[in-house]
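Every number in this text was worked out from the coordinates using simple rules, so none of it is lab data. Note that the coordinates shown come from a computational prediction; the quantities given were computed from them, not determined experimentally. FYI the Cβ positions are ideal-geometry reconstructions off the backbone, even for glycines, and counts take in every protein chain you see.
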């Protein structure tokens, strides 16, 4: 692995961490905006500042450092929750219109990315300008995934558990297409990236919502603490794996 690379390699561990991070983003966003009664706009502004701060750190470091990378991912999932909820509940545009708006924003970002770099490869990424496109696309995809997950539960009427199962089925289909077809791998990545967000979001709702609404009623704080603990352990695992990879490269260069 190149020490100049700035982003995580797409492995099974990446997808597990992405799902946990999206679940944490859902429960943490709801904790700030609803449980703590800060409201959608205040929480959105606060999380935007946090996102920019963490992103600047990520952009300034010279190589992939798991803790910085995954903190930005968590910030995009939490901010994405607030963007989706603000569009629906404050602007009253609804999750259908919100999903369409965010889908268009994602497509425009990917189009500009492709036009500038002539590819949409997500690993490795070394150029800072390309990394900026990468993070903008991730923010829009996480926001879109949140809106789509809420669309499944609020507009279509699926329970939170059924919504999670539906998105899980889509992810399984993408995995099968990845291994058994010659479909464009970059397209499959972004489809999987978008749909792991509603899976995490609907699973987060399943953990936190009242029993009367089909949830487990764990509460946003307790669910967030559990997810934060799991993602912290996985970040430690990532750091150890990254350290072994660097040591292997040093040994190979001798």
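The range 113-152 and the range 153-184 have Cα centres lying 20 Å from one another. Taking all C-alpha pairs of the chain, those more than 34 Å from each other amount to 14 percent. The range 1-62 and the range 187-214 have Cα centres separated by 16 Å. Counting only DSSP H runs of at least 4 residues, each contributing -39500 (n - 2.57), and dividing by the residue count of the chain, the helix-based mean residue ellipticity at 222 nm comes to -25500 deg cm²/dmol.
Reported value for the range 51-180: 129 Å³ per residue, from the convex hull of its C-alpha atoms.
Rg and Dmax, both from the Cα atoms of the range 201-240 and both in Å, are 12.6, 43.
For the range 71-115, list residues with backbone N below 13 Å from a point placed 7 Å from the Cα of residue 129 toward its Cβ? Under cut-off, by backbone N: 113-115.
For the range 112-254, what relative contact order do you get, as a whole percent, if you take Cα pairs closer than 8 Å and at least 6 residues apart? Show your work: numbers first, answer last.
Numbers: 109 pairs, mean separation 29.8, N = 143.
Relative contact order for the range 112-254 comes out at 21 percent.
Residues of the range 130-155 falling in the label zone of residue 59, defined by backbone nitrogen less than 12 Å from a point 7 Å along Cα to beta-carbon, are 130-136. When you restrict to C-alpha pairs under 8 Å that are six or more residues apart and normalise by the size of the chain, the relative contact order lands at 27 percent.
Answer rounded, prolate or oblate for the range 28-128, using the Cα gyration tensor with square roots of eigenvalues a ≥ b ≥ c: rounded when a/c is under 1.5, else prolate when a/b is larger than b/c, else oblate. Oblate, since a/c reaches 1.5 and b/c is not below a/b.
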